[in-house]
Amino acid sequence: MLNQFSRTELTFGKEAMEKLYSSRVAVFGIGGVGGYVVEALVRSGLGAIDIIDDDKVCLTNLNRQIIATRKTVGQYKVDAAEERIHDINPDCKVTKHRCFYMPETSDQFDFSEYDYVVDAIDTVTGKIEIIMNAKKAGTPVISSMGAGNKVNPAMLEVADIYDTSVCPLARVMRYELRKRGVDSLKVVYSREKALPTKEDMSISCREHCICPPGTERKCTVRRDIPGSNAFVPSAAGLIIASEVVKDITGINN
């Protein structure tokens, strides 16, 4: 019967669509990268999704985050994302976790419940914790590397972490994962060298913070506030979503 996923089924086939519908994916971080992961997975017919983020939508998110609109500024991102998901597919089961994923909050999650895990957060400690817990549970995981201050989405690649180059975040992750005995990790990273931040105090979050009331982790406490745009983080998110869909369904294998 014709439905909203009929065009997708023409590409993937019925069996693949059934696998997607019966799968549950956790997306840690639903900002510039993770928001597009969520968008593409839900539009692909995923049956259940966990969304993890403690942040609120800020005016400065409108340049790149798909859940960010004038209407959603001030809302928790997981709340805005849940509404958008159900506007796309009311049958998709959404589990919200309004928290910042770190070792201190990791006991709230059972990684064995997921068919796939997406790491789209930007702290090394949190990323390592996600990856180690996914590996321990035997759950496939894909991780996003740095997208800030980059302008060429054509430079994005899917690779094993130990085959990456250029990206400073990937370099740190290689070092930390090697120490922990992790021998492989699928990542999306860019070979593009990041542009230097064009610091301007007149538009700096450090000098003119507009975080919504109640925001726990304001930009003013961050060590670096990178520039961003609408096309590199979104492209990274869509690439990650495509890898998740292909791995779950087995298409192109």
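Of the residues TYR21, PHE231, ASN252, the one whose Cα sits farthest toward the positive end of the charge dipole of the chain, with +1 on the Cβ of Lys and Arg and -1 on the Cβ of Asp and Glu, is PHE231.
For segment 32-96, the relative contact order works out to 43 percent when only alpha carbon pairs closer than 8 Å and six or more residues apart are counted.
Fewest neighbouring Cβ atoms within 10 Å first, the residues SER242, SER143 line up as SER242, SER143.
Annotation for THR95 and ASN63: the two label points, set 7 Å from Cα along the Cα-Cβ direction, are 3.6 nm apart. Shown here: mean projected area of the Cα convex hull in nm², derived from the displayed model; of the candidates [x] 13.7; [y] 22.6; [z] 23.4, it corresponds to [x].
Mean separation of Cα pairs under 8 Å and 6 or more residues apart, divided by the residue count, gives the chain a relative contact order of 24 percent. Here ALA137 and ASP87 are evaluated by their C-beta separation; at R0 = 35 Å the FRET efficiency comes out at 0.65. Working from Cα pairs under 8 Å separated by at least six residues, relative contact order for segment 1-55 is 40 percent. Extension gain, ARG178 to ILE251, is 23.2 nm, computed as 0.36 nm per intervening residue step minus the present C-alpha separation.
In a simple Cβ point-charge model (Lys, Arg +1; Asp, Glu -1; nothing else charged), segment 95-171 has a dipole of about 220 debye relative to its Cα centre. Farthest towards the positive end of the charge dipole of the chain, among the residues THR95, MET132, VAL166, is the Cα of VAL166, using unit charges on the Cβ of Lys, Arg, Asp and Glu.
For a distance above 15 Å, tell me the whole-number percent of Cα pairs in segment 138-189 that qualify. Looking at segment 138-189, the distances longer than 15 Å represent 43 percent of pairs.
Here the gap between ARG70 and VAL158, fully extended at 0.36 nm per residue and compared with their Cα-Cα distance, gives a gain of 28.4 nm.
Quick one: go through segment 69-99 and flag any residue whose amide nitrogen is under 14 Å from the point 7 Å out along the Cα-to-Cβ line of PHE231. In segment 69-99, the label zone of PHE231 (backbone N under 14 Å from the point 7 Å along Cα→Cβ) covers no residue. To make sure I understand the rule: partners must be lysines, Cα under 28 Å from the Cα of LYS186, and not fewer than 8 residues away in the same chain. Which ones qualify? Reachable lysines: LYS14, LYS19, LYS77, LYS93, LYS96, LYS127, LYS135, LYS136, LYS150, LYS246.
Each reported figure results from applying straightforward, stated rules to the coordinates on display, with no laboratory input. All figures in this text were calculated on a predicted structure; none of them were measured in a lab. A quick note on method: Cβ atoms are made from the backbone with ideal geometry, for glycine too, and the neighbour counts reach across all protein chains shown.
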